[in-house]
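The structure appears right after this line, and notes come after that.
The values are calculated or read from the model by the stated rules, or taken from the named source; none is laboratory data. Just so it is clear, the structure is predicted and the values come from calculations on it, not from any experiment. When we count neighbours, we look across all protein chains shown, and the Cβ atoms used for this are built from the backbone with ideal geometry, even at glycine. Side chains are part of the model used for accessible areas, which takes the heavy atoms of the whole protein and leaves out ligands, DNA and RNA. Shrake-Rupley method; radii C 1.70, N 1.55, O 1.52, S 1.80 Å.
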Amino acid sequence: MRKRKMLRALMMLVCIFVLSACKKNVGTPEDNAVSDESKEEEIPKEEDDTYVFGFSGIDMENPYFITLESAIREVIEKEGFELITKDPASSPEDQEAQIKEMIEEGIDGIFLCPVDWEAITPALDALKEADVKIVNVDTQVKEMEYVDAYIGSNNVEAGYICGEDLIERCPEGGKVAILECPTQNSINDRITGFEEAIAKAQKGFEVVERVDTNGEFEKALGAAKEILEKHPDVSGIMCGNDQIAVGAKTAVNLAGLKTVVIYGVDGSPDIKKELKKADGQIAGTAAQSPINIGKTAAKTAIDMMNGEDYETEIFEEVFMINKDNVEMYGVDGWQ
């Protein structure tokens, strides 16, 4: 009996302690004191903002895109941010898959040069769905409403100044071949500018062939060989970029032709070395600066992420490099 009473008393004490522990916060703050330590735990610790960016060029074996990526990386890493680079190697399918990989890796923004300006749209849609900022660089996508900013060269002007130079060199007109790449809008614009210029010549130029080379040396070499076999009297070859121009130059040399003039666009070290040769077939290159484009793109992206003002469209100037001024720009690197 005595043991039962003691057990009941013990049970009552346990119930009292449990009810006290479950007491709701009522009354004055003193009745419900909360430690300062618990309040501090509820406030998240502030950390410096850090961003992860992606870079997707067209082909990372192309010296132009290597230089462009390097210029972007220099600025991004100097600011303490991260840059993830993928190489689609001129494959639209690989580019889309790699962009989705970068989304999974947690990128906040991307520097994008589309392999195919139309086929890139599904990747753009995925980037917007993931709230990734898009800085379109060098060659425009077709659906520009997806893009937060565009930084590139004035590509129409690049082609135009090549056409003007051809008119000066060939005042009597002549036959012209065009080596292009319709999937890259930057090259489309260059060819448009070139055609606009030669259309104004007093003596006419006839475009006898135009071939899609996918922007690559090997395809340009094969296409130029076939063109020269059909039209050995061609006066000039307009090329969408410098890699294409080097392919055309090789074909002209193999054919033993001395009067054909060739134009490229980029201002690459390889083309500038050709311009230094006394008997070279390269007449000129409409030069752009991947270094300036890259640095401008990186600064634009950082301003965008930090909520600062930025320009949504920037066109860097282009200029002709030829035998007369190539020494000014040097041949060991990009301008």
Extending each Cα 7 Å along its Cβ direction at residue 331 and residue 196, get the distance between those two points in nm, one decimal.
3.3 nm
DSSP-defined antiparallel bridges as percent of all bridges, the stretch 184-335, nearest 5:
35 percent
So what is the relative contact order of the chain, in percent, for Cα pairs below 8 Å that sit 6 or more residues apart?
15 percent
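Just list whichever of 78/277; 78/273; 225/276 have alpha carbons separated by over 30 Å in the model shown.
78/277; 78/273
Would you mind putting 182-191, 100-109, 210-219, 281-290 in packing order, based on average other-beta-carbon counts within 10 Å, highest first?
Answer by packing, highest mean first, reads 281-290, 182-191, 210-219, 100-109.
Can you tell me, using C-alpha contacts under 8 Å and at least 6 residues apart, the relative contact order of the stretch 126-238 as a whole percent?
28 percent
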Positive-end extreme of charge dipole, the chain - chosen from 322, 57, 188 (charges on Cβ)
57
Cα extents of the stretch 197-304 along the three principal axes, largest first (Å)
53, 30, 27
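Over the chain, with the other protein chains present, what is the accessible area per residue in square angstrom, probe 1.4 angstrom?
That works out to 53 Å² per residue.
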Need one value: the accessible area of residue 254 in square angstrom, 1.4 angstrom probe, rounded to the nearest 10.
120 Å²
Using helices alone, what [θ] at 222 nm do you get for the chain, with -39,500 (n - 2.57) per DSSP H run of 4 or more residues, divided over all residues and rounded to the nearest 500?
-14000 deg cm²/dmol
Relative contact order of the stretch 47-121, pairs being alpha-carbon contacts under 8 Å that are 6 or more residues apart, as %:
46 percent
Over what distance in Å are the Cα centres of the stretch 167-184 and the stretch 84-119 separated?
33 Å
Jot down the per residue volume, in cubic angstrom and as a whole number, of the convex hull over the alpha-carbon atoms of the chain.
200 Å³
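Heavy atoms only, probe 1.4 Å: what % of the accessible area of the stretch 116-161 goes to carbon and sulfur, would you let me know?
Working: 710 of 1710 Å².
Roughly 41 percent of what the probe reaches on the stretch 116-161 is carbon or sulfur.
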